[in-house]
Amino acid sequence: MAGSSHGHTPAAWTGVIIAFIGFCIAGAFMVMAQPVGFWVGMAITLLGAVVGGIMRMMGMGQPKHIHPVHQVADKRQPAGVEG
């Protein structure tokens, strides 16, 4: 989406990087048939979501305002009203 800043925040980058590392660890241990290592990798993946959420609550994420492109504004007046 042109003009969108979706995902370009420290919270998003940090959460995704931690989750990616967790997926890599889980994948490696799955291939090595080590269930404990796999579950540690999955826990790290979930940790990425938690860290990203905490950082968003700290103000490092996407602001909660609606982007002007996505706003729908109807400025027409009801029938019979002159302004």
One finds, for Cys24 and Ile54 with R0 = 25 angstrom and r their Cβ-Cβ distance, a FRET efficiency to the nearest 0.05 of 0.65
Students often check this: by mean Cβ neighbours within 10 Å, which of 32-43, 9-20 ranks highest, and how do the rest follow? 9-20, 32-43
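No lab work stands behind these numbers, since they all come straight from the coordinates. In this text the structure is predicted, and so the values were computed from the model without any measurement. Quick reminder, even Gly has a Cβ in these numbers, built from the backbone with ideal geometry, and neighbours come from all protein chains shown.
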